[in-house]
Each structure stands twice: as structure tokens, then as C-alpha cells.
1. Can you pull the Rg over Rh of segment 141-250, Cα-only, Kirkwood?
2. At 7 Å along Cα-to-Cβ for each site, give me the label-to-label distance between Glu307 and Glu256 in nm.
3. State the volume of the convex hull built on the alpha-carbon positions of segment 194-308, expressed per residue in Å³ and rounded to an integer.
4. What FRET efficiency do you get for Met300 and Glu183 if R0 is 35 Å and r is their Cβ-Cβ distance, rounded to the nearest 0.05?
5. Using modelled amide H (1.01 Å from N, peptide plane; none on Pro or chain starts), what sits under 5 Å from the amide H of Asp69, excluding residues fewer than 5 places away?
6. Amide H to amide H under 5 Å from Lys23: which residues, 5+ apart in sequence or cross-chain, H placed 1.01 Å off N in plane?
7. Can you compute 3J(HN,Hα) from phi for each residue in segment 235-240, using the Karplus curve 6.51 cos²θ - 1.76 cosθ + 1.60 with θ = phi - 60°, rounded to whole Hz and x for Gly and Pro?
8. Between Phe151 and Ser113, what is the label-point separation in nm under the 7 Å Cα-to-beta-carbon projection?
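Every number here is computed from the coordinates shown, using simple stated rules; none is lab data. Just so it is clear, the structure is predicted and the values come from calculations on it, not from any experiment. Methodologically, a virtual Cβ is constructed for each residue, glycine included, from the backbone with ideal geometry; neighbour enumeration extends over all protein chains shown.
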Amino acid sequence: MSLLVVGSVAFDSIETPFDKIDKVIGGAATYIAYSATNFNNAVQLVSVIGDDFPQDVVKDLEGRNVNTDGLQLKEGEKSFHWSGKYHNDMNQRDTLATDLNVLETFDPVLPASYKNAEFVMLGNLAPMVQKQVLDQMNERPKLVVMDTMNFWMDILMEPLKETISMVDVLVINDEEARQLSGEYSLLKASKVIMAMGPKYLIIKKGEHGALLFDGTNIFSAPALPLEDVFDPTGAGDTFAGGFIGYLAQSGDISFENMKRAVIYGSALASFCCEKFGPQRLQEITAEDMNNRVDEFVSLMSIDIKVEA
Ligand code: AMP
């Protein structure tokens, strides 16, 4: 099916306890698109880059059947740049710089061929820009999934809540869920957040997996224990791209299928952590992905009989 992806396409400068790198390819939409191309969908990209962004990355995405008609190129301007530093506990990171550059004035314009997309992934961006994308759709998509982050909660909480009220699934991490809801307990937080509008909520917990809520049921997925987490940047976006990519391919948006989609998202996110930038996502095959999903299945399976 058609899957519209909006979000940042960026350069990242990253420091981990093991290594550091300056200006590697990053951006929420970049990770989402790479992840979603592991499924059989027509991926349509909406974003903005400056003329400093390497065209071979754009060509690589196009070679994976990503339509880039909605990727604006601003001559003479710089691409979005984000810089972050991870703690020894790699679930914790500090943002050192967020240079919006081309994102500062980004006015997303949907090509006519994008306006009937059945699935929409609103990747991390200013909430008004995410809303502008939804407002341009010809009809309500079958499923709208949204990601966001603490940066927007700090400066644009009200517009953020307005966009949240329009989506079907919100995907955020535990720290963001606490900030958005004002509740420490993730169960209490889920109730407050779902009252804002979304029918489903996913709370990512880094190396501790993810929780999927539908207001009645909760599904808890583990993260694959990795010997080395090299760089978790983009893991959340990769998760989201795998989640919606799987749902779009099957066309089934039931809670049961969302559970499977969470596992596909988690499997792809585990690859993302193995190298800087989207490098691992560029290397893996469908077979690699399926093998990792199998690892999840055996990690999660349990045969237990509760005695009366
Ligand atoms: P994640 O590690 O999944 O939270 O995503 C990290 C990616 O999000 C990086 O590649 C950044 O370029 C991008 N990013 C960080 N801050 C922002 C922001 N304020 N708006 C849009 N994208 C961002």
C-alpha cells in the first residue's frame, strides 16, 4: 500500500561512550524510510534538505523505491543538524545542539500523487508541520502514526497536543510519556495520553522493549538483548518505520496485527544500533530481518500451565 513519511532528513553529530562521529547521515524520516523499505509498500517521502546534503543518499533511497518528489532542496541553505551525547547508560542521552536550518521555514507541499496515501507516518518534526501534512490529504488515511520528542514538548506543547488529537497511534519513549502526561507510572501516563485522542499508544523503553496500549489491552514486547549497543540514534524512528511498514504491507490494522508490527519494528531497531547512522539498515536483507524476528519469537515464547 502507499505509505507517506514525513520527518527530518539531517546530519547528526554523535558521541557515545565508545566513539564519536561528526555529520553522519541522520534524520527521523531517513531512518523511517530505510526501515519501511523492508516491506512491499510505495514509500513517499516529504522533507527538506539543503544543498550540503549528499545526493547519493537521495539516490540510494530512490533505488529502494522511495519516491522523493516531496523532498524539497533549498539551494544555498544548510540541512537540519542535530548533535547528541550518550551516557554510559545508553538509554540516556543529552541533546547538545538542534540547528533547525532548513527546517526553520519548512512548508511541506504534498505532490498530488501523495494525497491519497492510506498510511501516514508523521515522523519527528514541528507539530504544526505534521498537522499541515494531514490537512493536505484528500481523505482521512486508513492509519496515521505519529512520533515526537521532548524538544517539541518543551517549546510547543499546545500545538503538539492538537496534532496528537488527530492521530491513531502515538509512538513515544518512556521519558517523553512521563513529560507529556505528568505521570510517572507508565500505566497512568497511558491513560492520560490516550484521553488526548489517539486510539493506540506505544511507549518505547529502549533496551527494555516497548508497550502497546489500546485502552483495554496491553502488549509488552522485549528488546533483543544485544552484546554491544554501538549507537542507538534513530532506533526509535527505525522502530516506527518497521511498525507502520509492516501494517501497510498487510493492510490489517487490528490490535493483534499491531503486536506483530511491534516485533518487526523492534527487530529492525536492533540492527540500527549496531553501527553509526543508517549504515546497518542499508546493509541488511529481508532474510536478516526475518531471522531476527525469529529470534524474538523464541525469546518471547513460554509454555506454562497455571495449576488450580
Ligand atoms: P531517535 O534516536 O529515534 O530519537 O531519532 C534521532 C533522529 O531524530 C536523529 O537522526 C535526528 O536527526 C532527529 N532529530 C533530533 N531532534 C529532532 C527534532 N527536534 N526534529 C526533528 N528531528 C530530530
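1. Across segment 141-250, the Cα-based Rg/Rh ratio is 0.95.
2. 3.2
3. 133
4. With a Förster radius of 35 Å, E is 0.80.
5. The answer is Leu45.
6. Hits under the 5 Å cutoff: Asp12, Ser13, Ile14.
7. Result, rounded to whole Hz: 4, x, 5, 5, 4, 4.
8. In this crude spin-label approximation the distance works out to 3.0 nm.
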